Structures are given as structure tokens and as C-alpha cells.
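Below is one structure, written out as C-alpha cells, with a few remarks after it.
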């Protein structure tokens, strides 16, 4: 199980790095370049989905109660102090974002992605820091 957790953490870091490498000039490129828009939305979806999967893996590893929804995975991690409770509540929005990307992507405005979503990439690193800390994973 820990091997799967390590792999998922690596994937999350990979997706975050890819998104970070293409975020320059986002608003213009998102509006004019369908390949850019598709790639960015795809990697944002993979990032959000992978965060949910990692949360589910940690829940299984720690033998916690099983969530009924994606959002509840983060509530459970907060309740069990794996994530700081306030952070868990805030970060749980990634579940709604994932669902939005999966089902309503035609309606996405470039400002909501290029300003709002990309500004929250630092929260993904904080999520990983807290998960690794709770599992005793040395980041060296």
C-alpha cells in the first residue's frame, strides 16, 4: 500500500510541475490555443483526481471509515488530524473542481482557470506536505 502512496505522490508532483511549466501567458493561450487549453484542463483534472485518490489510499492505509463522496475523503483526513482540519475543509473543494472539469468543461472561463485554479497550486504542495508528515515520509 505504501508503494502505491509513494507512486501517487510522485504523479501529483509530476502533474503540478507540468502545469507550472505551461502557466505563463495562460489567459491569452487558453483563449486562443485549443491544444494548450486541452492540455491544461487535462493536467488539472489529473492533478485533482490524483489528490482524491491519494486521500482515499491514505484512508485505506490508516483503516479509517470509508467516504461516501470525494469531498468526504478530505473531511475524514481532517477529522483524524492527517490534514489540519481547516485546511482539509478548504482543500476539499478540489473534489468539486475535479467534477466540474469532468462534466462541465465547455463552460470554463479562462480567468477561472488561469487566475483562480493556478493560484491554488501551492495548496497541492501543502496537501502533500501534510500527508507525508502524517505518514512519517522523509522528503529528502
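The values are calculated or read from the model by the stated rules, or taken from the named source; none is laboratory data. Fair warning: this is a prediction, and the values are worked out from it, not measured in the lab. Glycine gets a Cβ as well: all are built from the backbone with ideal geometry, and neighbour counts include every protein chain shown.
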* To do: Working carefully through the options 54, 64, find the one that is more than 18 Å from residue 116 (Cβ to Cβ), at pLDDT 95 or above, surrounded by 13 or more Cβ atoms within 10 Å (Cβ to Cβ) and within 10 Å of the chain's Cα centre (by Cα).
  => 54
* Asked: In segment 113-124, what count of residues is obtained for those that are surrounded by 12 or more Cβ atoms within 10 Å (Cβ to Cβ) and either closer than 26 Å to residue 79 by Cβ or modelled with pLDDT of 85 or more (or both)?
  -> 8
* Kindly list, by first and then second residue, each pair from a residue in segment 68-85 that is within 16 Å of residue 135 (Cα to Cα) to a residue that is outside any helix (DSSP H, G or I), limited to pairs with Cβ atoms under 6 Å and residues at least 6 apart or on different chains. => 74/92; 76/64; 76/67; 77/83; 80/64
* Structure fact -> Within segment 23-38, of all residues that are exposed (fewer than 15 other Cβ atoms within 10 Å of the Cβ) and in a helix (DSSP H, G or I), the one nearest to the chain's Cα centre (by Cα) is 38
